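Participant: Below are the structure tokens for one structure; questions will follow.
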Amino acid sequence: MKYNPQKIEKKWQKIWQKKRVYEPNFTPRQARGKKKLKRPFYNLMMFPYPSAEGLHVGNMYAFVGADIYGRFKRMQGHDVFEPIGLDGFGIHSENYALKIGKHPADQAKISEKNFYRQLRMIGNGFAWEERLETYDPEYYKWTQWIFVQMFKSGLAYRKKQAVNWCPSCKTVLADEQVIAGECERCGTAVVKKELEQWFFKIIDYAERLLNNLEKIDWSEKIKVAQRNWISKSEGAVVKFPIPNFQFPIEVFTTRADTLFGATYVVLAPEHSKIENLKLQIENWEEVKRYIAGAKNKSEAERIAEGLEKTGVEIKGIKATNPATGEEIPIFVADYVLAGYGTGAIMAVPAHDQRDFEFAKKFNLPIKMVICPNYPEPKCPVLERAYEEEGYLVASNEFTGMFCQKAKNAIAEWLAKKDLAEKKTTFRLRDWLISRQRYWGAPIPLIFCETCRHEGRGERKDMPGWHAVPEKDLPVKLPHIKDFRPTGTEKSPLAIVEKFFKVRCPKCKSWARRETDVCDTFLDSSWYYLGYLMASENWKLKIENSAFSRLARKWLPVDMYIGGAEHAVLHLLYVRFVAMALRDLGFIHFEEPFKKFRAHGLLIKDGAKMSKSKGNVVNPDEYIRAYGADTLRMYLMFLGPFEQGGDFRDTGIRGITRFLERIWKLTHSVILTPPRRGKNLKRSFGQSPQDDLNKALHKTIKKVTEDIENLQYNTAISSLMILVNELEKQPSLEIENWKLVIKLLAPFAPHIAEELWSQSASPERGRRDEKGSVHLAKWPKFNPKFIKEETFTLIVQINGKVRDLFEAPAGISREEAARLALGREKVKTWLAEKEAKKIIFVPGKLINIVG
RNA sequence: GCCCGGGUGGUGGAAUGGUAUACACGAAGGACUUAAAAUCCUUUGCUCGCAAGGGCAUGUGGGUUCGACUCCCACUCCGGGCACCA
């Protein structure tokens, strides 16, 4: 019989599904009845969004890598839950539907079928019965339910502010979705628009999101990215009074020590105070023009300008430096960001490069107050801002103080006069959650004009707004013909009367539904809970104890694998939502994933895969040509899973050869009974059987350790080394060979299953072999077999390898030195010289220094 | 500009501070074949040498060490992330 991957892969995929091999036990009660309660293990991978081209080989790379880990855990005796689903709601799916002129709901059905077909082909141990799609009303009912909880608890709020707007996608975007001023999805330059939008208060959780990073076992680079994104700054808010005006300008600074060098104040163009000061501003027209111009600029334009600073002085008013009492000018400039700190800064051109450039351009005084050398202040002439540490100069009683110390001293001095206050600020902004698009979960809120008028509402701070009562969820997305984005700052649902016209849940008068939909990242912020709900056909409720029991058994997720590109998107939101749900008492944990590992990027022939380059690998054709097992193993053999790999067509043959050799070897083992009792003794006293055990158990150890560390490439290579060895063995027993099949099983599940079943013919069959190899026990290595009796002792002379010989394992330093010095080569190399020093590393080498 | 990765044969890549180049691909030669494919065997970092054997090589330059791909310093190139965050 020849190895025919296509045939056996289809066969086993069917059998697995029929026998429910990969379906875990969900209810604790059921499990108790069984003789052995298996330890649950939730093995999660980031679910894909069903894209235009079908499953990308990069997806397959990620899924296979995650699956190997899951299969490994299953064989180690865990009850593994490895679900899969589709993240099909959202702009990406809708954009594709628009492009090909289909309705997103119809396209979803097509994509769904295609994706599930492809996902079945790759041979993962998915729990298919719990699959889910985010556009399924059963699912988004709970997306909406979460929104309602956020609203009721005050974590969702509505606010008008300058937000990111993508003119091509015709919707607002979250900060996390803007990459270098461009839309994450389509690459169009994002513009700022003043709009009223829904936000989630993720900033309230900034501190916890930051602190918890210490407690979770995640890829370090993701933690670093999150830390940088949240970016905590400790400083002070300092008041700069405006003469003849009631309110001072408040600035945020982390460098209170430089306060005596603050020679002007800058407000962001969006700063609210400017409007209030209108009557006192002499050049109001000019200021107004500048503000309008700045607001119209796209994010990308601002970045493109680079360090070229622009701004306008606000004439007619001055600010008082609270430290010096000096009156200093006030500017409006777009290098100051409205959304950070207080939206205003004190400019210290001598010690901040941006302020320095601005001051140079506008000829403003540059006053040095920090000097590297003290007490002899010979301050250098500045060519750029001096941002390093130093001692204060020209700062009254603080002169001579080291800057770190002065920071606190000055802040406290001003605090006593009520002119300053310590403050911690985060760079993280609140999560903008509403989208002016069609293909998403409608935001489940209703606005009632009557209630607003009478000051009623679910929340005191938001009169007129009501959550859709939970019994009315889901708010179904209506099937409308014209789903195209309007570009009018409103969703296409805003003109669908049968959708938005609704009775107020409170006063029953006619009211209006919110017509924006939720950001896709809300869909994916809780899907790991969804899979558990799917196990009971969506009959469970998050708030009920039945769900809670299930969650306590399975959550938090034990292992989560996905792409690093979601470091500050999905991976941040999902943590935030879990914390919020925990605080509301719905779940028992605040970190959803105990362990997260980011896989590397798969490239093709040294270049990134992209549609425009035309080098995107479609897994279908490779599976058709070589089989899923070969492709799986090839992908994993390319390089370390966490680093990625370079896909080259030529390499695949090596894996095909390897699997064919395994196939052949199995049959020769089955057909040729071992010649017992004929083991020839060797000169070292080790029989071929000892050698075989050693090779076998070393490999078991190596493969086990490598899988645990996701080093699949070296695990596969050690399997290859073992097979090379075993092919030379005259007497290979089937029981030993079966250990190899087990080691192979996570990587090449189909061929392993086929060979397992073939080797377990009834007359040979044992209990372990009746079922699937994937439920068989993962082999344990026996340290006794690995123990070496001799080793290769390396002999170095002055650090260079000159000789080597076999030595007994426990050889002493003296004995090793004696043997080494007696060797011909050593004598030659050492010539007449004495050995000055001898370094001996037990079990490794001896270095003779002459 | 800042923060992460990374630089090793013709290629993908291995190496707890201890034989650098495992494993695989490719290439060359051979066996089998009428022939080809497949398969199997041998060789394969560069270099000097008939050989035995030697010298040189892990981006560059220094350092620590008996010994450095591995640790430290400086630089350089490539990939990724963030980007006027006061």
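Participant: Using the charge dipole of chain A (Lys, Arg: +1 at Cβ; Asp, Glu: -1 at Cβ; taken about the Cα centre), state which of A:MET401, A:ALA66, A:GLY585 has its Cα farthest towards the positive end.
Facilitator: Selected residue: A:ALA66.
Participant: When we measure straight from the Cα of A:LYS160, which aspartates and glutamates land under 17 angstrom away, once same-chain ones fewer than 8 places off are left out?
Facilitator: A:ASP175, A:GLU194, A:GLU196, A:GLU270, A:GLU275, A:ASP430, A:ASP461, A:GLU489, A:GLU514, A:ASP516
Participant: For a label point 7 Å from the Cα of A:ASN114 along Cα→C-beta, name the residues of the range A:51-90 whose backbone N is under 17 Å from it.
Facilitator: A:51-60, A:86-90
Participant: Within the P(r) computed for the range A:310-444, what percentage of the Cα pairs occupies the region above 25 Å?
Facilitator: Value for the range A:310-444 (Cα pairs over 25 Å): 42 percent.
Participant: Can you tell me the length gained on complete extension of the stretch A:ASN396 to A:GLU138, counting 0.36 nm per residue apart and subtracting the Cα distance?
Facilitator: Between A:ASN396 and A:GLU138, full extension yields 86.1 nm more.
Participant: Still on this structure, I have one more. Counting only protein heavy atoms and using a 1.4 Å probe, what share of the accessible area of the range A:582-627 belongs to carbon plus sulfur, as a whole percent?
Facilitator: The computed percentage sits at 48.
Participant: Contour minus end-to-end for A:MET1 and A:GLU814, with contour as 0.36 nm per residue of separation and end-to-end as the Cα-Cα distance?
Facilitator: 286.8 nm
Participant: For A:LYS611 and A:LEU671, what is the calculated FRET efficiency with R₀ set at 51 Å and r taken between the beta-carbons, to the nearest 0.05?
Facilitator: The pair A:LYS611/A:LEU671 has a calculated efficiency of 0.55.
Participant: Let me ask another. Based on DSSP H runs of at least 4 residues, each adding -39500 (n - 2.57), what is the mean residue ellipticity at 222 nm of chain A after dividing by all its residues, to the nearest 500 deg cm²/dmol?
Facilitator: Mean residue ellipticity at 222 nm (helix-derived): -11000 deg cm²/dmol.
Participant: For A:HIS570, what accessible area in Å² do you get when you roll a 1.4 Å probe over the heavy atoms of the protein chains, rounding to the nearest 10?
Facilitator: The accessible area of A:HIS570 comes to roughly 10 Å².
Participant: Here is a follow-up. In nm, to one decimal, how far is the modelled label at A:LYS232 from the one at A:ASP106, with both set 7 Å along Cα→Cβ?
Facilitator: My value for the distance between the label points is 5.3 nm.
Participant: Tell me, what ³J(HN,Hα) does each residue in the range A:432-447 have, in order and in whole Hz, if you take phi through Karplus 6.51 cos²θ - 1.76 cosθ + 1.60 with θ = phi - 60° and put x for Gly and Pro?
Facilitator: Each residue of the range A:432-447 in turn: 6, 10, 8, 9, 8, 10, 9, 7, x, 7, x, 5, x, 10, 10, 10 Hz.
Participant: Right, another one. What share of the DSSP beta bridges in the range A:252-341 is antiparallel, in percent to the nearest 5?
Facilitator: Approximately 65 percent, going by the DSSP bridge assignments.
Participant: Select from the range A:19-118 those GluC sites (Glu not before Pro) which occupy a DSSP coil region and have at most 13 other Cβ atoms within 10 Å, ordered by residue number.
Facilitator: A:GLU53
Participant: What residues qualify as long-range amide H neighbours of A:GLN197, i.e. H under 5 Å apart, gap of 5 or more or another chain, H built at 1.01 Å from N?
Facilitator: Placed amide hydrogens put A:LYS159, A:LYS160, A:GLN161 under 5 Å from A:GLN197.
Participant: Related question: On a 0 to 90° scale, report how tilted helix A:57-75 is relative to the longest principal axis of chain A, with both axes built from alpha carbons and the result rounded to the nearest 10.
Facilitator: 60 degrees
Participant: Shifting gears a bit: Got a sec? What order do A:TRP510, A:TRP142 fall in by accessible area at 1.4 Å, biggest, i.e. largest, first?
Facilitator: I get A:TRP510, A:TRP142, largest accessible area first.
Participant: So the label point goes 7 Å from the Cα of A:ARG503 along Cα→C-beta, right? Which residues of the range A:454-475 then have their backbone N under 17 Å from it?
Facilitator: A:466-473
Participant: So, one more: Pop out the carbon and sulfur fraction of the accessible area of the range A:530-570 as a percent, whole number, probe 1.4 Å.
Facilitator: 42 percent
Participant: Are there any GluC sites (Glu not before Pro) in the range A:785-850 that are in a DSSP loop and have at most 15 other Cβ atoms within 10 Å? List them by number.
Facilitator: Qualifying residues, ordered by number: A:GLU788, A:GLU789, A:GLU832, A:GLU834.
Participant: Under a crude label model (7 Å from the Cα following the beta-carbon direction), how far is A:ASN709 from A:LYS694 in nanometres?
Facilitator: Here the answer is 2.3 nm between the modelled labels.
Participant: With charges only on Cβ, +1 for K and R and -1 for D and E, what is the dipole size of chain A about its Cα centre, in debye, rounded to 20?
Facilitator: With Lys and Arg at +1 and Asp and Glu at -1, about 3640 debye.
Participant: Could I ask something else about it? Could you bin all the Cα-Cα distances of chain A into 20 Å bins starting at 0 and give me the percent of pairs in each, rounded to whole numbers?
Facilitator: The distribution over chain A is 12, 34, 30, 19, 4, 0, given as percents.
Participant: Students often forget the sequence filter, so: which aspartates and glutamates lie under 17 Å Cα-Cα from A:LYS423 once same-chain residues fewer than 8 apart are removed?
Facilitator: A:ASP204, A:GLU207, A:GLU234, A:GLU250, A:ASP257, A:GLU412
Participant: Now for a different question. At a 10 angstrom cut-off on C-beta neighbours, averaged per residue, how do the peptides A:591-597, A:143-149 rank from highest to lowest?
Facilitator: Going by the mean number of other Cβ atoms within 10 Å, highest first, we get A:143-149, A:591-597.
Participant: Between A:LYS825 and A:LYS595, what length in nm is gained on full extension when 0.36 nm per residue of separation is reduced by their alpha carbon distance?
Facilitator: 77.5 nm
Participant: Right, another one. For the pair A:ARG384 and A:LYS19, how long in nm is the line joining their label points, each one 7 Å along Cα→Cβ?
Facilitator: Spacing of the two 7 Å Cα→Cβ label points: 6.8 nm.
Participant: Here's something else I'd like to know. What is the angle, in °, between the Cα long axis of helix A:5-19 and the longest principal axis of the Cα atoms in chain A? Nearest 10 is fine, range 0 to 90.
Facilitator: Orientation of helix A:5-19: about 70 degrees from the principal axis.
Participant: By DSSP, what percent of the beta bridges with both residues in chain A are antiparallel, rounded to the nearest 5?
Facilitator: Looking only at bridges with both residues in chain A, the antiparallel portion is about 70 percent.
Participant: Rounded to a whole number, what % of the accessible area of the range A:45-84 do carbon and sulfur atoms account for, probe 1.4 Å?
Facilitator: 48 percent
Participant: Given H placed 1.01 Å from N in the peptide plane, which residues other than close sequence neighbours of A:LYS315 have an amide H under 5 Å from its amide H?
Facilitator: When sequence neighbours closer than 5 places are left aside, the close amide H contacts are A:GLU282, A:ASN283.
Participant: Which of the peptides A:182-190, A:80-88 is most tightly packed, and how do the rest follow, going by the mean number of other Cβ atoms within 10 Å of each residue?
Facilitator: The most tightly packed comes first, giving A:80-88, A:182-190.
Participant: So what's the gap between the Cα centers of the range A:612-633 and the range A:201-238, to the nearest angstrom?
Facilitator: That distance is 39 Å.
Participant: Using the alpha-carbon atoms, what tilt in degrees (0 to 90, nearest 10) does helix A:712-726 show relative to the longest principal axis of chain A?
Facilitator: Here the helix axis deviates by roughly 10 degrees.
Participant: Heavy-atom accessible area per residue, chain A, 1.4 Å probe: how many Å²?
Facilitator: Per-residue accessible area for chain A comes out at 46 Å².
Participant: With respect to the cross-link table entries A:LYS11/A:LYS664; A:LYS784/A:LYS844; A:LYS309/A:LYS367; A:LYS113/A:LYS738; A:LYS159/A:LYS192, which display a Cα-Cα separation exceeding 25 Å?
Facilitator: Beyond 25 Å: A:LYS113/A:LYS738.
Participant: Suppose R0 equals 51 Å; then what is the FRET efficiency for A:GLN643 and A:ASN244 from their Cβ-Cβ distance, rounded to the nearest 0.05?
Facilitator: 0.20
The values are calculated or read from the model by the stated rules, or taken from the named source; none is laboratory data. In this text, all values refer to a predicted model and were calculated from it rather than measured experimentally. Neighbour counts are summed over all protein chains in view; Cβ atoms, including those assigned to glycine, are modelled from backbone coordinates with ideal geometry. Calculation scope for accessible area: heavy atoms of the full protein, side chains included, ligands and nucleic acids excluded. Shrake-Rupley method; radii C 1.70, N 1.55, O 1.52, S 1.80 Å.
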